[in-house]
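> Can you read through this structure? Questions will come right after.
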Amino acid sequence: MKTNHIILALVAFLTFSSFSYAQGFSQEIGASIGPVAFKSDYGLRGNSETNFGNVGFGVALLHYINFSFRADCDCYSADTYFNDHFKVRTELDFHTTGLDHFGEFAEKDDINGLKLRSMHGKAEVLEVGPSLEWYLRSIRDFDSGNFSFAPYASVGIHYVYFNPEATTDLPGTIGSRANTYPTFLAPAGEEPYIDASSGNTYAVVWSAGTRYRLNDNSDLVLDARWHFYGSDWVDGLNHDNPQNKANDWMFWLNVGYIFYLN
């Protein structure tokens, strides 16, 4: 938990520093939406039914610092590589995904197959934090309308609050031997492998995308991103078995609209 508090402090510092630093530069705001593929302990790794079945939806509110133009003097900033190729994005994200078990074990016509098919979950996640975007081409030339597309890549860190759910269609509370698949039953004396308590962690975020210039004041953005969480409890499951090789993560494809404030 101490690690999460350090991450929260770091995110807060970077976020507030970004907004303070933005006062001398131009700013942009926007929003994006799109499908979320949540990769967790539900389903089988590499299974197409899992990949396409455990898909949810996300929305983001966005703020950018554009270093290529200064709002305080209504003029271009110093023509340096950083000012012309980097932006800082700060965002507030919310995404939710219903989770089910798919694949050969869930399809078996026996009691364990029934236990898997009857088990359902939900990952509900709120994230906030900054990212540094690097643009392949000149931001200044893009803002001037010299070309229509501006591809970029980014890396960032988020503070994450999660609120999972875990239920079963079978009688009783999920986690009992009578209604739960053996993989998700902890040995005697160990902490349970199922815990739907809310919690917090961090996410390391990578993304790649492009902007499309609509007019002098606005862009469309297409963004593909990966969020890797510092906890395996985001989906409410965390079992100590060989097939549980990684913490929860998600892939998010979203489209958005960006408006230039100045």
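The values are calculated or read from the model by the stated rules, or taken from the named source; none is laboratory data. Not measured: the values here are computed from a predicted model. Virtual Cβ from ideal backbone geometry, glycine too; neighbours counted across all protein chains shown.
> So, in segment 162-174, exactly how many residues are buried (at least 18 other Cβ atoms within 10 Å of the Cβ) and closer than 23 Å to residue 229 by Cβ?
4
> Is it the case that segment 94-112 has a residue that's small (Gly, Ala, Ser) and under 18 Å from the mean Cα position of the chain (by Cα)?
yes
> Separate question: Considering only segment 220-245, state which residues are free of Cβ contacts under 8 Å to residues at least 60 places away in the same chain and more than 11 Å from the chain's Cα centre (by Cα).
Residues satisfying the conditions are 220, 222, 240, 241, 242.
Okay, residues lined up against (1) surrounded by 14 or more Cβ atoms within 10 Å (Cβ to Cβ); (2) of a type outside the set (Val, Ile, Thr); (3) modelled with pLDDT of 95 or more:
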residue	(1), (2), (3)
15	yes, no, no
20	no, yes, no
24	no, yes, no
47	yes, yes, no
53	yes, yes, no
79	no, yes, no
84	yes, yes, no
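> Among the residues of segment 178-195, which ones are more than 23 Å from residue 122 (Cβ to Cβ) and either aliphatic (A, V, I, L, M) or without any contact (Cβ under 8 Å) to a residue 24 or more places away in the chain (or both)?
Within segment 178-195, 187, 188, 189 qualify.
> Look through segment 88-143, keep the residues that are acidic (Asp, Glu) and in contact with a helix residue (DSSP H, G or I) (Cβ under 7 Å, 6 or more places away or on another chain), and return whichever of them is nearest to residue 176 (Cα to Cα).
Across segment 88-143, the extreme among qualifying residues is 100.
> I need every pair where a residue in segment 159-171 that is under 19 Å from residue 91 (Cα atoms) and free of Cβ contacts under 8 Å to residues at least 40 places away in the same chain has its Cβ under 8 Å from the Cβ of a residue that is among the aromatic types (Phe, Trp, Tyr) and part of a strand (DSSP E or B), sequence separation at least 6 or different chains.
none
> Identify, by number, the condition in (1) farther than 22 Å from residue 218 by Cα; (2) surrounded by 15 or more Cβ atoms within 10 Å (Cβ to Cβ); (3) of a type in the set (Asp, Glu) that residue 93 doesn't meet.
Result: residue 93 fails condition (1) only.
> Moving to a separate point now. Tell me whether segment 189-196 contains one or more residues that are crowded, with 17+ Cβ neighbours inside 10 Å, out of contact with any Asp or Glu (no Cβ under 6 Å at 6 or more places or on another chain) and not in a loop (DSSP other than H, G, I, E, B).
Yes; the residues of segment 189-196 include at least one that is crowded, with 17+ Cβ neighbours inside 10 Å, out of contact with any Asp or Glu (no Cβ under 6 Å at 6 or more places or on another chain) and not in a loop (DSSP other than H, G, I, E, B).
> If you go through segment 134-151, how many residues are assigned to a strand (DSSP E or B), surrounded by 16 or more Cβ atoms within 10 Å (Cβ to Cβ) and either touching a residue at least 60 places away in the same chain (Cβ under 8 Å) or at positive phi (or both)?
The qualifying residues number 1.
> Moving on. Given the criterion closer than 20 Å to residue 37 by Cα and at pLDDT below 95, identify the matching residue among 208, 186, 246.
When all the criteria are applied, what remains is 246.
> Can you name every one of the helices (runs of 4 or more DSSP H) wholly within segment 32-118 that holds 2 or more residues which are closer than 30 Å to residue 258 by Cβ and free of Cβ contacts under 8 Å to residues at least 40 places away in the same chain?
48-53, 81-85
> Within segment 211-222, does at least one residue satisfy the condition of being hydroxyl-bearing (Ser, Thr, Tyr) and closer than 27 Å to residue 68 by Cβ?
Within segment 211-222 (the criterion being hydroxyl-bearing (Ser, Thr, Tyr) and closer than 27 Å to residue 68 by Cβ), the answer is yes, since at least one residue qualifies.
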